Amino acid sequence: MSKPTICFIGLGIMGKPMAANLLKSGYPLIVFNRTREKMASLVAQGARAADSIADCAGRADVTMTMLPDSPDVQEVIAGSTGVAGAAKAHSIVVDMSSISPLVSRKMADTLNKKSIDFLDAPVSGGEPGAIAGTLAIMAGGGEAAFERVKPILQVMGKSVIRVGDVGAGNYAKLANQIIVALTIAAVGEAFVLAQKAGLDPDVLYRAIKDGLAGSRVLDAKAPRVMNRVFEPGFKIRLHQKDLKNVLETAREIGVPLPLTAGVQQMLTALMADGKGELDHGAIVQFAEKISGVKIQKIDGISEKIS
Ligand code: NAP
């Protein structure tokens with residue numbers, strides 16, 4: 001059976017490498033991006049550039065979107081010139097953006113009325129996971145629709161799990177984002193304390209990483225922090241958006257999240273301080289600023305101690 005034609009909309013940090021992996025796996029690919037120059041490298045690899053969102057979705061069996069937040073997804077899917085007005089009946093739309101689960105459900109309602117299936121399938125794993133095709137993909141939607149697109153998702157992800165009906169994918173992603181943001185904030189406070197006490201952060205990292213405090217977040221962020229590498233990656237402003245969606249959703253369903261609310265305030269402070277475009281590893285800069293301590297390797301100490 002020939003492979004379904006895929007329309008991919010949103011070729012940013014994540015979308016471009018995800019789309020490139022689909023091409024490499026032999027899927028016929030049509031791409032669209034608001035800033036058109038970003039389509040060029042995929043066209044050079046064999047994708048076809050669409051003239052508009054409608055041109056892209058109207059020619060595809062599966063439309064995938066990878067956009068920043070709920071309003072962007074609403075505009076691209078349900079807007080006056082959006083996917084819903086152009087996609088074929090019985091095609092599937094898979095939104096892989098991290099957005100509000102409540103908006104995912106609205107998108108499903110809009111599309112289902114036109115006999116178009118919808119899945120929310122946000123991802124974790126960052127740009128490196130998108131490039132390597134090793135993302136963790138958490139999908140929400142009907143079982144039949146999920147089974148139809150699972151082989152496509154498996155090209156982009158190493159784990160592809162259906163977590164429930166539409167919206168469940170984004171609930172899972174919000175849970176993921178709470179854990180990541182709060183862990184980075186905790187790493188910031190822990191390393192500031194140790195640095196002020198005179199420890200070398202590199203030695204601290206090596207001493208604790210294989211104990212209970214060890215984690216993928218610690219491994220990904222601690223070395224970058226102590227080497228002062230804050231290029232994104234996943235930007236502070238996108239993580240602030242995720243925690244905003246967490247708190248709005250939690251309010252709707254009556255769940256208090258005091259720790260998340262505190263870290264959301266830290267992210268807002270960092271954005272007000274002009275750090276919104278830095279990697280979310282820079283959440284540690286909040287603890288640094290209020291204590292006047294910079295987490296930084298101490299020259300020569302690592303060698304003397306180890
Ligand atoms: P990004 O680099 O900012 O890319 C966003 C893309 O969406 C760009 O192609 C942008 O087009 C397009 N776009 C934005 N608003 C639009 C609109 N209103 N209409 C049409 N196109 C629009 O973002 P990203 O880092 O790839 O993140 C995308 C999603 O993945 C977000 O929900 C994010 O939370 C999630 N995510 C990101 C990471 C990560 O590490 N970066 C990891 C996991 C999940 P232009 O080129 O014209 O700006």
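The values are calculated or read from the model by the stated rules, or taken from the named source; none is laboratory data. Since the model is a prediction, treat every value here as computed from it, not as a measurement. So basically every Cβ, Gly included, is an ideal-geometry build from the backbone, and we count neighbours across all protein chains shown. All accessible areas refer to the heavy atoms of the entire protein, side chains included, with ligands and DNA or RNA removed. Shrake-Rupley method; radii C 1.70, N 1.55, O 1.52, S 1.80 Å.
Before rounding to the nearest 500, sum -39500 (n - 2.57) across all DSSP H runs of length at least 4 in the chain and divide by the residue total; then give [θ] at 222 nm in deg cm²/dmol.
-15000 deg cm²/dmol
Just the number please: accessible area per residue for the stretch 1-123, 1.4 Å probe, all protein chains included, in Å².
Dividing the accessible area of the stretch 1-123 by its residue count gives 41 Å².
Please give the Cα centre distance for the stretch 52-102 versus the stretch 274-297, rounded to the nearest Å.
Using only Cα atoms, the two centres lie 36 Å from each other.
Reported to two decimal places, what Rg/Rh ratio describes the chain when computed on Cα atoms with Rh from the Kirkwood expression?
The Rg/Rh ratio comes out at 1.02.
What is the chain's relative contact order, in percent, from Cα pairs under 8 angstrom and six or more apart in sequence?
Reported relative contact order: 14 percent.
What number comes out for the charge environment of GLU277, summing +1 per Lys or Arg and -1 per Asp or Glu over other residues with Cβ under 14 Å away?
With Lys, Arg at +1 and Asp, Glu at -1, the net is +1.
Based on alpha-carbon centroids, what's the gap between the stretch 111-176 and the stretch 250-272 in Å, whole number please?
Result: 25 Å between the Cα centres.
What number comes out for the charge environment of ALA145, summing +1 per Lys or Arg and -1 per Asp or Glu over other residues with Cβ under 10 Å away?
0
Quick one: give the max-minus-min coordinate of the C-alpha atoms of the stretch 1-119 along each principal axis, largest first, in Å.
36, 32, 22
Would you kindly calculate the translational diffusion coefficient of the stretch 171-305, applying Stokes-Einstein with the Kirkwood radius from alpha carbon pairs, for 20 °C and a viscosity of 1.002 mPa s, and quote it in µm² s⁻¹ without decimals?
It comes out at roughly 140 µm²/s.
Suppose accessible area is computed on protein heavy atoms with a 1.4 Å probe; arrange THR183, THR134, THR65 from highest to lowest.
Correct descending sequence by accessible area is THR134, THR183, THR65.
Carbon and sulfur: what percent of the chain's accessible surface (1.4 Å probe)?
After summing per-atom areas, the C and S share lands at 56 percent.
Return the inverse of the average 1/r over all pairs of distinct C-alpha atoms in the stretch 103-195, which is the Kirkwood hydrodynamic radius, in Å to one decimal.
14.5
Pull up the DSSP beta bridges for the stretch 62-194 and report the antiparallel fraction as a percent, rounded to 5.
Looking only at bridges with both residues in the stretch 62-194, the antiparallel portion is about 20 percent.
Take every DSSP beta bridge with both residues inside the chain and express the antiparallel ones as a percent of the total, to the nearest 5.
15
Under 20 Å Cα-Cα from LYS113, which lysines qualify once same-chain neighbours fewer than 8 residues away are excluded?
In chain and number order, the partners are LYS88.
Once you keep just the Cα pairs under 8 angstrom separated by 6 or more residues, what percentage relative contact order results for the stretch 171-305?
It rounds to 41 percent for the stretch 171-305.
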